[in-house]
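Below: the structure, in structure tokens.
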Amino acid sequence: MTVDPNAATQSWPPQEPNRHSPHPARYLVPVLVAGAVAVALGVYGRVHHPTGNVFGLGAFSSTFAGKSWLASIAFFFALVQLVSALMLYGRLPGPRWASGLHRWSGRISFLVAVPVAVHCLYALGYQTYETRVLWHSILGCFFFGVFSAKMLLLRWERLPGWLLPIVGGLVFAVLTLVWLTSAFWFFRTFGVTT
């Protein structure tokens with residue numbers, strides 16, 4: 001048996017075939033999950049009989065003042081997350097720990113937003129009695145749907161470089177609109193109270 005020294009060699013273990021970007025249908029999963037979460041929250045809020053109150057925030061003069069402050073804290077940490085994302089993508093100069101700042105500001109923002117959403121959903125439900133409230137209800141459900149999609153996409157490999165910034169920007173934009181139709185409206189209407 002002779003061996004041809006010019007023959008191509010095969011590496012061991014064999015290399016995986018060169019795979020192209022994932023099939024576009026793969027992105028239907030986060031879209032379907034986002035839709036399912038948003039619709040489920042909206043349906044629950046609509047069919048659930050509102051209780052009027054879920055929990056009291058003793059440090060505040062009213063539950064709505066407390067919710068407005070918590071929503072504002074969540075919005076502040078979302079702003080921190082936006083700035084740290086711009087650092088991560090090289091749009092702003094930033095420290096090495098910008099990725100940790102980005103992750104933790106997102107976690108804090110979400111954890112602070114959850115009690116506000118629980119109160120809105122359980123105590124008030126999905127309401128439509130005026131335009132601002134209708135938009136707040138729609139956007140609140142949509143926020144948690146888009147947030148769920150973003151969390152799914154974070155775990156996936158080989159995403160196009162533009163996808164996470166777009167979805168993250170959508171999460172931020174929707175949270176901004178939710179804040180504007182709730183906490184900002186409350187502070188403009190009733191003043192900055194505690």
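The values are calculated or read from the model by the stated rules, or taken from the named source; none is laboratory data. The structure displayed is predicted, hence computed values, not measured ones. Backbone-built Cβ (ideal geometry, glycine too); neighbour counts: all protein chains shown. In case anyone asks, the SASA skips ligands and DNA or RNA and just uses the protein heavy atoms, side chains included. Shrake-Rupley method; radii C 1.70, N 1.55, O 1.52, S 1.80 Å.
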- Message: Looking at the stretch 175-183, can you tell me whether even one residue there is closer than 18 Å to SER84 by Cβ and either of a type outside the set (Phe, Trp, Tyr) or touching a Gly at 6+ places or on another chain (Cβ under 8 Å) (or both)?
- Response: yes
- Out of all the residues in the stretch 69-82, is one or more within 21 Å of GLY161 (Cα to Cα) and open to solvent by 50 Å² or more (accessible area, probe 1.4 Å)? yes
- Restricting attention to the stretch 118-148, which residues are of a type in the set (Gly, Ala, Ser), within 16 Å of HIS48 (Cβ to Cβ) and crowded, with 20+ Cβ neighbours inside 10 Å? SER137, GLY140
- Can you pull out the residues in the stretch 84-115 that are open to solvent by 20 Å² or more (accessible area, probe 1.4 Å), among the hydrophobic types (A, V, I, L, M, F, W, C), within 27 Å of ASN53 (Cβ to Cβ) and in contact (Cβ under 8 Å) with a residue 24 or more places away in the chain? ILE108, PHE110, VAL112
- Message: Please go through the stretch 117-148 and give me each residue that is of a type in the set (Val, Ile, Thr) and free of Cβ contacts under 8 Å to residues at least 60 places away in the same chain, ordered by number.
- Response: THR128, THR131, VAL133
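For residues that are among the aromatic types (Phe, Trp, Tyr) and more than 29 Å from LYS67 (Cα to Cα), tally how many sit in the stretch 139-178.
Total satisfying the criteria: 2.
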- Got at least one residue in the stretch 37-52 being touching a Phe, Trp or Tyr at 6+ places or on another chain (Cβ under 6 Å), at pLDDT below 80 and within 16 Å of VAL116 (Cβ to Cβ)? no
- What residue, among those in the stretch 151-194 that are small (Gly, Ala, Ser) and under 21 Å from LEU111 (Cα atoms), is least open to solvent (accessible area, probe 1.4 Å)? ALA183
